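Reviewing the structure listed below.
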């Protein structure tokens, strides 16, 4: 970049870095696991057949990679969930002033080795790890990296996910 | 699923068995329900075109899950995925093959585990013979990396 572009990162966004959002709950149940596994096209029976899962040493059906349960939906909490997403999207109201498009930039899952099985209730806490502005082929782009930690009903961390969103 | 893969038998540069997908629109709707992602660009052609896309597109997270299946099918039943992730660099359309691939970049032991690091990705494959928009073949749309733990002989 030869010319300094105006910053799209507001003070509010900067202040949100590192701050944990409210905990949210997701339920891991057999139906959710089967629906997810079926939609991917998984063929391993541990995602569909409880006996097969038990025969392989699991308590119940196992979460396929990328599935961390179904968030407990509640229409009354929609506003709070949006507000927790790092103090609002750039340009969406506070700061920036122009509407921006959003793209999902990428996702990573890190597992601690403790199986996630049907019957588990996971509590996830997310935070914004970094916000940076770069010049891209689509124009000025704000890259936001978020991290979520999933803890099961026994207090064990089972998974961490890292997500990147691109606003341009 | 194939026989158990053992750490001892692998070397850097090896390619793991490919997983070939080809999404129908029905699969994208199943994924919308299974994942809870109801963004219309993935099932409503008019809506998708209204945002400037050529057609509905495959969910990035579904391609991530395909890569998860690639790894799971390779390491199961005795191995486990330690971490895996990918970036969404290009769009994929339904009714064209999505070829999921992986190659071993590093083999090491750490904390008592036998680990393998991989480059993983999806690339565009053979298109169906229909009038829908297609990508050229051989484009890496979803590159990523992974670490898996495997049993030793």
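Structure summary
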| item | result |
| --- | --- |
| Shielding by partners, peptide A:158-165 (average Cβ within 10 angstrom, other chains) | 1 |
| Volume per residue that the Cα convex hull of the protein assembly as shown spans, once the total is divided by residue count, Å³ | 162 Å³ |
| Chain B: C-alpha gyration tensor shape, a/c 1.5 cut-off, then a/b vs b/c | prolate |
| Per-residue mean of C-beta atoms belonging to partner chains within 10 Å, peptide A:103-115 | 6 |
| Global form of the stretch B:30-107, assessed from the alpha-carbon gyration tensor, a/c cut-off 1.5 | prolate |
| Residues residue A:154 and residue A:132, FRET efficiency given R0 of 35 Å [Cβ-Cβ distance, rounded to 0.05] | 0.45 |
| In degrees, nearest ten, helix B:60-75 long axis to first principal axis of chain B (Cα) | 30 degrees |
| Mean Cβ neighbour count within 10 Å, used as a protection proxy, ranking A:110-121, B:60-71 highest first | B:60-71, A:110-121 |
| Potential lengthening between residue B:18 and residue B:108 on full extension [0.36 nm per residue; Cα-Cα distance subtracted] | 30.1 nm |
| Peptides B:128-137, A:11-20 ordered by average Cβ neighbours within 10 Å, highest first | A:11-20, B:128-137 |
| Principal-axis tilt of helix A:30-40 within chain A, Cα atoms, nearest 10 degrees | 60 degrees |
| Peptide A:31-42 - average C-beta neighbours from other chains (10 Å radius) | 6 |
| Part-to-part distance (alpha-carbon centres) for the stretch A:120-134 and the stretch B:80-153, which is given in Å | 24 Å |
| Residue-averaged [θ]222 nm for the protein assembly as shown, counting only DSSP H segments that reach four residues, each worth -39500 (n - 2.57) | -5500 deg cm²/dmol |
| Net lengthening on full extension, residue A:11/residue A:125 (0.36 nm per residue, minus Cα-Cα) | 38.8 nm |
| Tensor-based shape of the stretch A:1-78 (alpha-carbon gyration tensor, a/c under 1.5 rounded, otherwise prolate or oblate) | prolate |
| Packing rank of A:133-140, B:87-94, where each peptide gets the mean count of other beta carbons within 10 Å, highest leading | B:87-94, A:133-140 |
| Relative frequency of Cα-Cα separations exceeding 24 Å in chain A, percent | 46 percent |
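Bear in mind that the values in this text are calculations on the coordinates, not laboratory data. Keep in mind that this is a model prediction, so the values were computed, not measured. With ideal geometry, Cβ positions are generated from the backbone for all residues, glycine too; neighbour counts draw on all protein chains shown.
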